[in-house]
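Since the structure comes first, as structure tokens, the remarks are kept for the end.
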Amino acid sequence: MRPKFNAAETSLDGGFTVIEASAGTGKTTTISAIILRLLAEQGIPIEQILVTTYTELATAELRGRIRDTITDALAQKRLPFVAEIVKRVTDRKQFERRLKIALQSFDEAPIFTIHGFCARVLADRAFESGVPFEAELVADQSRFLNEIADDFWRAHFYTDDTVMAALLRERLTPARLVELLNQLTNNPTLRVCPAPENRAALEKKITELCRVGGDGEEVTELAQRLIVSLQAEFCEWARAELRRRKTDRRVQSFDDMLTRLDEALRGVGGRELQKSLLERFSVALVDEFQDTDPVQYSIFSQIYSGSDAPVFFIGDPKQAIYGFRGADVFTYLEAAKVANRRYTLGQNWRSEAKMVDGVSAIFGRREDSFVIEGIDLAPVTASGKADTEALTIDARRDQPLHFWIASAGDRARVGKVVASEIASLLASETKIGPRKIEPRDIAVLVNNNAQPVGIQRALSDYRIPSVVYSAASVLKSGEASELLQVLLAVAQPTHEKIVRAALATEIFGFNASALENLSCDESEREATLNRFADYHLLWRNQGFVQMMRALFIAEKVRSHLLFWRDGERRLTNVLHLVELLHAVCVWRGKIGRGARLGMNMNCVWKATKTRCGSLRFTRAKDSNTASPFRRLCARNPGAGQRNF
């Protein structure tokens, strides 16, 4: 059994320390306490304590919590662990002076995402790292991956004969090539094996066997060898080609920053770079260490191995088995194996005692509950904090865990059953402490992105509001398709069929009867077309966002969308889409292409939503139609394009 880490008392020795922290055991509090002790006990300046985590949100939270902890220690408000740390201080004046200096210098505290840390190092030490000074950072490199896969496909398969085309059509698609390249970019340490075979010889043999009616098993075996060989050939070429194209275009992705820093540390000037980083960051704390990959671990290992600098890896290894955010569970296990010491956090501050005991009982029934050797459930006890405001149903505390077993035939009803149970809880006297529960207190976890739709629909039948958190793009929503219809009508107000299609959307709210009446009433029909003509002029003369604002008000779009049970979500999606398009208008203005989107040019626009929420547009060639939005497409890595 591994010892428990005490934030106030455990010695902060040099070398690598792994702290395993299950959910709710105070990981962020522990990081804050370690930093407070480094400042107070060892006098290490705040600007020399490197803290990395994975997301910008987590970085902001860490920064705030660390600052609050230092402030609390000075103000003597005394959070429990702060009081214990302060009690051990022997020189009060020196303690206060160190903390005041830390607060004054806090803006210089190196608290980064892992990618932010690499970007800072590469920018500050461009000569040692070999990164171009003006390299543009791209948040989404999917367009490069698709471009390379398409080029390889065109170069190797467009001229194939019918036999080869039939063999390869389903087995090796551009989407499959993109998937392979994604794996290579996520983990640059992967080796490709087996090596490519002689393609011409394999194709010749397959063709001959097919023409003479040869053995089917032999043809299948040869075809499989050919496909494996082609995949290996693609991987070898694409890995080098991707790097070459990015270098030529002076761009780099987040993964490139990690790879380049790792390569710089391994290169000719690596020793000098390692020495300068060790002097700059004399202590390192790596949050969410379960999300690490071989490259990230290699960077910290090269910087701090062989030194006596304290390095703390904090994370939950149980989460690493799911491979979130490219995590490699075996990298975590290797790091833990070579660490100088391993601890656990043994107290849960978030859950009720019965919940903690229940989860421990379930996963404690087997020694291999998490399948992979080296990952287990460290003993955890509840702090009792959550029990002071426990969940009660009709004034009684229920069992913490309930299991519903559904047969294969009942799975289609699961969404309705879940919604019914939630409705029952909300209608009963279910409370958290003295407060009656609300929909925002309840979360539903699902296996895939297809399931939330059914559950949300079932909840809406009970008029229970809900929000879906998923990786799905707003550009793939029904509102995106409808907004496109509206924009087409505004762009071409003289095309009555296009205008009628826009009126039939939920944005305008016309039903079949209203559309029929419009056809019969000549004056109303003319007035409607004139309104679209006015929107057209407003877009052309004053810009996209002014036109959309006028349309929203005049056509009462808000009330039309809020009429539906999920109206808030529909309205939010439409507003989000308008914001994205407006952002493109601003971007075009900044690069000198005009801030108005599409009204004065013959184009077809392809829109790609990048990870940072922006849209990229590319001018198409020789369009014969005057529509500014003939095609609005969302690029989905590995799935080509989708037309709305």
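The values are calculated or read from the model by the stated rules, or taken from the named source; none is laboratory data. Only a predicted model underlies this, so the values are computations on that prediction, with no experimental measurement involved. Cβ placement follows ideal geometry from the backbone for every residue including glycine, while neighbour counts extend to all protein chains displayed. The accessibility values were calculated without ligands, DNA or RNA, using every heavy atom of the protein model including side chains. Shrake-Rupley method; radii C 1.70, N 1.55, O 1.52, S 1.80 Å.
Summary table
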{"item": "Accessible surface, per residue, of the chain when the full set of protein chains is kept, probe 1.4 Å, Å²", "result": "54"}
{"item": "Antiparallel DSSP beta bridges within the chain, percent to nearest 5", "result": "30"}
{"item": "With Cα atoms, 0 to 90° folded angle of helix 142-157 axis to the chain main axis", "result": "60"}
{"item": "The stretch 455-598 - percent relative contact order, Cα under 8 Å, separation 6 or more", "result": "22"}
{"item": "Share of carbon and sulfur in the accessible heavy-atom surface of the stretch 457-514 [1.4 Å probe, %]", "result": "54"}
{"item": "Mean separation of Cα contacts under 8 Å (6+ apart) over length of the stretch 258-364, as relative contact order %", "result": "26"}
{"item": "P(r), alpha carbons of the stretch 192-276 - 5 Å bins starting at zero, rounded %", "result": "3, 12, 14, 13, 12, 11, 9, 8, 7, 6, 4, 2, 1, 0"}
{"item": "For the stretch 551-560, 3J(HN,Hα) per residue [Karplus equation, 6.51 cos²θ - 1.76 cosθ + 1.60, θ = phi - 60°, Hz, x = Gly/Pro]", "result": "5, 4, 6, 5, 8, 6, 4, 4, 5, 4"}
{"item": "By accessible area with a 1.4 Å probe, ligands and nucleic acids excluded, highest first: order of L575, L38", "result": "L575, L38"}
{"item": "Restraint check, K416/K476; K205/K246; K4/K436; K27/K416; K27/K87, Cα-Cα greater than 32 Å", "result": "K205/K246; K4/K436; K27/K416"}
{"item": "Label selected from [x] 3, 14, 21, 22, 20, 13, 6, 1, 0, 0; [y] 3, 10, 11, 8, 7, 7, 8, 8, 7, 8, 8, 7, 4, 2, 1, 1, 1, 0, 0; [z] 3, 11, 17, 20, 21, 17, 8, 2, 0, 0, the criterion being P(r) over Cα pairs in 10 Å bins from 0, in percent as computed here", "result": "[z]"}
{"item": "Long pairs among K337/K385; K318/K354; K497/K556, criterion Cα-Cα beyond 26 Å", "result": "K337/K385"}
{"item": "Net +/- balance of residues flanking Q231 in space, Cβ distance below 13 Å, scoring K and R +1, D and E -1", "result": "+1"}
{"item": "Rounded if a/c under 1.5, otherwise prolate or oblate - the stretch 253-339, Cα gyration tensor axes", "result": "oblate"}
{"item": "Nonlocal amide H pairs with Q141, under 5 Å, H built at 1.01 Å", "result": "none"}
{"item": "0 to 90° range, to nearest 10: angle between helix 254-266 axis and the chain longest Cα axis", "result": "40"}
{"item": "Furthest towards positive pole of dipole, I464, V444, I432, structure part the stretch 432-473, Cβ charges", "result": "I432"}
{"item": "Accessible surface of the stretch 1-126 [probe 1.4 Å, protein heavy atoms]: carbon and sulfur percent", "result": "49"}
{"item": "Where Y343, Y304, Y462 fall by accessible area, highest first, once all protein chains stay in place (1.4 Å)", "result": "Y462, Y343, Y304"}
{"item": "Residue-level accessible surface for D262, protein heavy atoms, 1.4 Å, Å²", "result": "20"}
{"item": "Area accessible to solvent at R98, 1.4 Å probe radius, in Å²", "result": "60"}
{"item": "The chain, helix-only ellipticity at 222 nm - DSSP H runs n ≥ 4, -39,500 (n - 2.57), divided by all residues, nearest 500", "result": "-16500 deg cm²/dmol"}
{"item": "Acute angle (nearest 10 degrees) that the helix 294-304 long axis makes with the longest principal axis of the chain, alpha-carbon atoms", "result": "40"}
{"item": "Amide H contacts under 5 Å for V283, placed H, 5+ residues apart", "result": "L50"}
{"item": "The stretch 351-413-the stretch 275-323 distance, computed between alpha-carbon centres (Å)", "result": "31"}
{"item": "Area accessible to solvent at S253, 1.4 Å probe radius, in Å²", "result": "10"}
{"item": "Translational diffusion of the stretch 355-499, µm² s⁻¹ [Kirkwood Rh, Cα pairs; Stokes-Einstein; 25 °C; 0.890 mPa s]", "result": "124"}
